[in-house]
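Data block below; observations after.
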């Protein structure tokens, strides 16, 4: 019974690690994803920083603005504007 319990724990651990690894790979930028130089804005519309050489998804994650409100969060030339939540 103890061997079965250890085997089940090892299997659960392996599945968890494998799932985390797959998720990390899918979240990584692809070689053909375009990157941009982003300007970050506060909610008042003033520039507060920049994020160079990042994809749209990276900018959303790093700048914390995955929303769809009308309040601009970041812009980059040739990229879609991203907004605050």
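Among 8, 1, the order by Cβ neighbours within 10 angstrom, fewest to most, reads 1, 8. Ordering 12, 56, 71 by the number of other Cβ atoms within 10 Å of each residue's own Cβ, fewest first, gives 12, 71, 56. In this simple spin-label approximation, residue 37 and residue 71 carry label points 7 Å from Cα along the Cα→Cβ vector, and these lie 2.8 nm apart. Computing FRET efficiency as 1/(1 + (r/R0)^6) for residue 61 and residue 13, where r is the C-beta to C-beta distance and R0 is 22 Å, gives about 0.25.
FYI, it's all coordinate maths here, none of it is from the lab. As the structure is a computational prediction, the values presented were derived from the model and not from experiment. Here the Cβ is made from the backbone with ideal geometry for all residues, glycine too, and neighbour counts use every protein chain on show.
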